Amino acid sequence: RRSNVPEGVKFPPRVGHYIPFVGSAIEFGASPITFLHECYKTYGPVFTFKMMGMDCTYVIGSEASALMFNSKNDDLNAESVYASLTVPVFGKGVAYDIDAKEFGEQKRISKAGLTINRFQEYVPMIEEETTKYLQRWGNEGKTDLFKCMAELVIMTASRCLLGREVRALLDESVADLYHDLDGGFTPAAWLLPGWLPLPSFRTRDRAHIKLKKVFTDIIGERRRTQKEKAEGESEGTDMMWTFMNTPYRNGQLMTDDQVAGMCIALLLAGQHTSSTTASWAGFYMCHDKRLQDRARAEVLDTVGEHTTPTFEDLKELTFLDNTIRETLRLRPPIMTMMRTVQTPQQLMGYTIPIGGYVCASPTVNHLLEDAWGPDNMDFNPDRFEGMRTDKADELTRDASATPGKGKFSYVPFGAGRHRCIGEMFAYTQIKTIWTTMLREFELSRDSLPDIDYTTMIHTPKDPWVYYKRREA
Ligand code: HEM
Ligand code: LAN
């Protein structure tokens, strides 16, 4: 193969490995961040290694990862990597099952529903759900904080984004369906061929069919009653309503099956990402009690002891905001983003040939000493002080408004064409949950949990905390 390489073409340096085909998969799997750091130190910002027969080229740091974030989907392609994982879960006709242009429209339609007006209505709903949930806790005890956050996130997201009907069903059948469907969102589902008769695949597929039916029934019922109402009276505040009523540019509406698929996608998008973020924020606030005290004092100053917070209150909670931002720096839920190389790419004097993957890692970019300085490993929310650039009508933040050097040194929500649309919803949800929690409970635990790298979105190991109700 080497002899076919044209004169002057230089490939990125290759990381050596001992086992053919498997390549570096074992080292990477055991401890991906350490592995990538070591490679960066040895080979520089661009390097290639083999994993399960595929060439993976990592682009490390702000400058190199610009290649991924500025690319077009036709050159570095997302759906060809992600579809095998997401299509069985979300279903056909949405997200990575369709061409990027139509998915772009689905993102635009989603954004049209994720507005400040809606968030103003969501905040009291999230507080109510959280308060109700925390009543189960009693006065003191020990609990699994990650499980608790996962339950709070699914309940509050269902209520806000999918509406009352779905939230009501969550106490019954729907919780198990979510759970089974979610069981299909694993590295195995991604890497193994879909025709394998694995029990987890069958459970996933059955849950998908049942959940689709639950949603399409609700959608059908809504379409019927909507017709009976007068024009204007039917304005809804949830995303199901938005998906049902916002047309594509050509005037067409999504089919009921697509609306149901979007609802599933929306829910799973926030599930792992927001619940791990909310949990890690809690563990950092336990590990250093001063952080918890400051966040609580800010909540009491801004919102008070008993009043329901408003969306405007949340904006004033800058320390809590910075705490979440710093959590997303050190524990970004999505540690790797991947694309297939469809056209040869030039980067820093190297050619990345067609056929492999290009990967970028928020986690690694967020830690580099060159970008973050000598205190890169410290958890310090104050590093973000004065970096707030979000305006009232903006749903995403300016990626460059960070203390890290370079445009892509802080990318927990990605950047460019595939950027996340859920940032503000996630912040609204996490801040409201923590506002409620900090008012009612004191949490404690000395050590930070270790990281479980075997889950697709890295989770805290042994995620228990002690809790004690605050004096009334
Ligand atoms: C994409 C992170 C919550 C919807 C992404 C990407 C990241 C990300 C890194 C880029 C993936 C890539 O480029 O390959 C997060 C984090 C969240 C979060 C850290 C919470 C803390 C949400 C929520 C929603 C959502 C709540 C829905 C309301 C999406 C969508 C995309 C996306 C639609 C676009 C994918 C594409 O265009 O290919 N997210 N996300 N996310 N996320 Fe999120
Ligand atoms: C995810 C979740 C998993 C995640 C990892 C595998 C952890 C990551 O290594 C690569 C990116 C990936 C696959 C990823 C990409 C974008 C997804 C699929 C999501 C963030 C979960 C939801 C999001 C999807 C596009 C949201 C669709 C929402 C709509 C409203 C259509």
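The values are calculated or read from the model by the stated rules, or taken from the named source; none is laboratory data. Source: prediction; values computed, not measured. FYI the Cβ positions are ideal-geometry reconstructions off the backbone, even for glycines, and counts take in every protein chain you see. These area figures cover heavy atoms from the full protein model, side chains too; ligands, DNA and RNA do not enter into them. Shrake-Rupley method; radii C 1.70, N 1.55, O 1.52, S 1.80 Å.
Among 341-351, 174-184, the peptide with the highest mean count of other Cβ atoms within 10 Å heads the list, and the full ranking is 174-184, 341-351.
Here the mean projected area of the convex hull built on the C-alpha positions of region 43-98 is 5.0 nm².
Evaluated with a Cβ-only charge set (Lys, Arg +1; Asp, Glu -1), region 142-222 carries a dipole of roughly 120 debye about its Cα centre, given to the nearest 20. Solvent exposure of the chain amounts to 46 Å² per residue of accessible area, where only protein heavy atoms count and the probe is 1.4 Å.
Within the shell defined by Cβ-Cβ distances under 12 Å, the residues around Asn376 carry a net charge of -2, with Lys and Arg each +1 and Asp and Glu each -1. Would you please classify the overall shape of the chain from the alpha carbon gyration tensor, given that a ≥ b ≥ c denote the square roots of the eigenvalues, rounded means a/c under 1.5, and beyond that prolate means a/b larger than b/c while oblate covers the rest? In terms of gyration-tensor shape, oblate.
Can you list, bin by bin at 5 Å, the percent of alpha carbon pairs in region 126-267, starting at 0? Using 5 Å bins, I get a P(r) of 2, 8, 16, 18, 16, 14, 12, 7, 4, 2, 0, 0 for region 126-267.
Extension gain for Arg290-Ala100 works out to 63.8 nm (0.36 nm per residue, less the C-alpha to C-alpha distance). Computed from the alpha carbon atoms alone, the convex hull of region 84-167 holds 129 Å³ per residue.
Summing charges over all other residues whose Cβ lies under 12 Å from the Cβ of Val303, with Lys and Arg as +1 and Asp and Glu as -1, gives -3. What you get for the chain, charging only the Cβ of Lys and Arg (+1) and of Asp and Glu (-1), is a dipole of about 1100 debye around the Cα centre. Straight-line cross-link partners of Lys315 among the lysines, defined as a Cα under 17 Å from its Cα and at least 8 positions apart when in the same chain: Lys391, Lys431. Using a 1.4 Å probe on the protein chains only, how many percent of the accessible area of region 239-361 belongs to carbon and sulfur? The computed percentage sits at 53.
Along its principal axes, region 280-419 has C-alpha extents of 59, 34, 22 angstrom, given from the largest down.
As an exercise, use a Förster radius of 56 Å and the Cβ-Cβ distance of Thr310 and Thr351 to find the FRET efficiency, rounded to the nearest 0.05. Once the sixth-power term is evaluated, E becomes 0.55. The relative contact order of the chain comes to 25 percent, based on Cα pairs under 8 Å that sit 6 or more residues apart.
For region 30-129, lysine pairs separated by 8 or more sequence positions, or belonging to different chains, with Cα-Cα distances below 24 Å total 9.
Summing charges over neighbours of Gly356, with a neighbour being any other residue whose Cβ is under 11 Å away from its Cβ, gives +1 when K and R count +1 and D and E count -1.
Only the Cβ atoms of Lys and Arg (+1) and of Asp and Glu (-1) were treated as charged; on that basis the dipole of region 242-317 about its Cα centre amounts to roughly 240 debye.
From the alpha carbon centroid of region 8-51 to that of region 256-286 is 31 Å.
When shorter helices are ignored and each DSSP H run of at least 4 residues is given -39500 (n - 2.57), the per-residue value for the chain at 222 nm works out to -15500 deg cm²/dmol. The packing ranking, built from the mean of other Cβ atoms within 10 Å per residue, places the peptides 250-260, 67-77 in the order 67-77, 250-260, highest first. The stretch between Lys92 and Asn250, if pulled fully straight at 0.36 nm per residue, gains 54.9 nm over its current Cα-Cα span. Taking the DSSP beta bridges with both ends in region 1-81, the antiparallel portion is around 90 percent. Projecting the Cα positions of Thr216, Gln292, Ile433 onto the charge dipole of the chain (unit charges on Cβ atoms of Lys, Arg, Asp and Glu, taken about the Cα centre) puts Thr216 furthest along the positive direction. Here the relative contact order of region 316-390, from alpha carbon pairs under 8 Å that lie six or more residues apart, stands at 37 percent.
Any chance you could run the full-extension gain for Thr343 through Asp378? It's 0.36 nm times the residue separation minus the Cα-Cα distance, nm to one decimal.
Taking Thr343 through Asp378 to full extension adds about 8.6 nm, to one decimal.
The shape of region 1-45 can be summarised by an equivalent ellipsoid whose semi-axes, obtained from the alpha carbon gyration tensor, come to 25, 15, 6 Å from longest to shortest. Using alpha carbon centroids, what distance separates region 299-354 and region 175-196, in Å? About 26 Å separates the Cα centre of region 299-354 from the one of region 175-196.
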